[in-house]
Structure formats: structure tokens, C-alpha cells
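The values are calculated or read from the model by the stated rules, or taken from the named source; none is laboratory data. Note that this is a predicted model, so its numbers are computed, not measured. All Cβ positions, even for glycine, are placed from backbone atoms using ideal geometry, and neighbour counts span all protein chains on display. For the accessible areas, the whole protein counts, side chains as well, though only heavy atoms, and no ligand, DNA or RNA atoms are used. Shrake-Rupley method; radii C 1.70, N 1.55, O 1.52, S 1.80 Å.
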Amino acid sequence: MGLTAEILQMDLDAVAQRDARVGEELARIGYPEPRIRDRGYKTMLRTIVGQQVSVAAAASMWSKLEAELGDDFTTSCLLKRDFDTLRACGLSRQKQGYARSLCELVEAGEVDFDALPEGDEEAIAELTQIKGIGRWSAEIYLMFAEGRRDIWPAGDLAVQEGVKRLLDLNERPKEKECRELGDQWSPQRSSLALFTWHYYANPAL
């Protein structure tokens, strides 16, 4: 289960009770929309497919990949395809390397999407074994596919900018400072991350 509307409201209300700045902005712009993704390697594979390309290009590649492998394809289906077959689906050499790393780790049982460690840092460490998956991608997966409620993607530029505006800082905080600033919103940081994106993008600002 991802971060549902009910969870977002509950967690943001809890933060608003102890942080007047969040309360004021929450009253002004409202709650962010929930973002929920399926749990499993396919969601991570879509992340790899979508890296550094437009949404339209990523959708096209995913459609071609499903047409080639089948809607219910397994990791072994992808691993059996050769370079040219995957290239015809739009996957560059680099993306193929990342996709194969993901599938090989799943096949070997080294990354188990059905039983990731309960500790967030341990889960992030397991996911970042996958080539091409950095901390940000792992954090986003844990937020949206697993609904973990205290993830804080401090390296995200929109989160940093949202924190700058929310706290009325002179400049956008770097990742280390942003991570430290986020501690005050634990254990509801995932909902706060969504709120900073919502706050950052709100046209009323």
C-alpha cells in the first residue's frame, strides 16, 4: 500500500499541530494528491526505463517492452532477450545494463521486493545494489510502492526548494542541510516530501 489520501491527511495534520508554518500552508493550498505505485521489480524497471528521457519517450519504450516480453513478463524473460531485441524497444546499452543488473539480482535473490528489510536505510542499501539506482530512486520506490512513512529524499531539488520557501531560507539548502532540516518532521517525512512538491508547484505561490 502506498501513501494513501488518508495517510497523507493523518500525517500532515500531525505535523501541522506541532509546526505552525506547515499548518498555515496546509490550510492555504490543501493536501497533495496521493502517489501510489505497484510493489515489485517492474516498478523499479520502469524507473530505469524513464531515466533521463521524457515521459512520452518512457511510455513508448515501456509499451514496446511489454509488447516484446508480454504483459506478465518475468525477470528471466528480459534476461533471455539479446541486445538488438532490447535496443529495438528503445533501451540504450546503459539502460540494458541497468535492467539486466536489476533482473539478475532478483533472480539471485539478492534483491527481494516482497521482503525488503524493515529498516529504511537497510532497504535503501539493498536497492542501491542495482546498477543505475541511486539513493533518490530507492527512496522514491519506498515511498510510493511500499508506503513507508518516514522517507526524506533530501537530494531532490524540488524538496530542497520547497523547504527553502516553507522555512523562508535565504537560499536553497544542499542535501546534507536539507536532510538535517527534515529531521524535525520525523516520523511523517514522506508526507512532508509530497507536501513540499505540492507547495513548490502550486501556482498560487
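Amide H contacts of R35: L3, each under 5 Å away and 5 or more positions distant or on a separate chain (H built 1.01 Å from N in the peptide plane; Pro and chain starts excluded).
Can you show me the helix-derived [θ] at 222 nm for the chain, built from DSSP H runs with n ≥ 4 at -39,500 (n - 2.57) apiece and divided by the number of residues, rounded to the nearest 500. That comes out to -18000 deg cm²/dmol.
Under a model in which nothing but the beta-carbon of Lys, Arg (+1) and Asp, Glu (-1) is charged, segment 1-138 shows a dipole of about 780 debye around its Cα centre.
Rounded to the nearest whole Hz, the Karplus-based 3J(HN,Hα) values (6.51 cos²θ - 1.76 cosθ + 1.60, θ = phi - 60°) of segment 90-97 follow the sequence x, 7, 5, 4, 5, 5, 5, x, with x at glycine and proline. According to the Cα-based calculation, Rg over Rh for segment 8-47 is 1.23, with Rh computed by the Kirkwood formula.
Remark on segment 1-117: Rg and Dmax equal 19.1, 56 Å (Cα only). Surface composition of the chain: carbon plus sulfur atoms hold 47% of the accessible area, using a 1.4 angstrom probe and ignoring ligands, DNA and RNA.
Straight-line reach from K164: taking Cα to Cα under 29 Å and skipping same-chain neighbours fewer than 8 places apart, the lysines in range are K174, K176. For segment 102-191, trypsin sites (Lys or Arg not before Pro) meeting the loop criterion (DSSP other than H, G, I, E, B) and having at most 11 other Cβ atoms within 10 Å: K174.
Volume per residue for the chain equals 124 cubic angstrom (convex hull of Cα atoms). Rounded to whole Å, the principal axis extents of the Cα atoms in segment 110-205 read 44, 23, 21, largest first.
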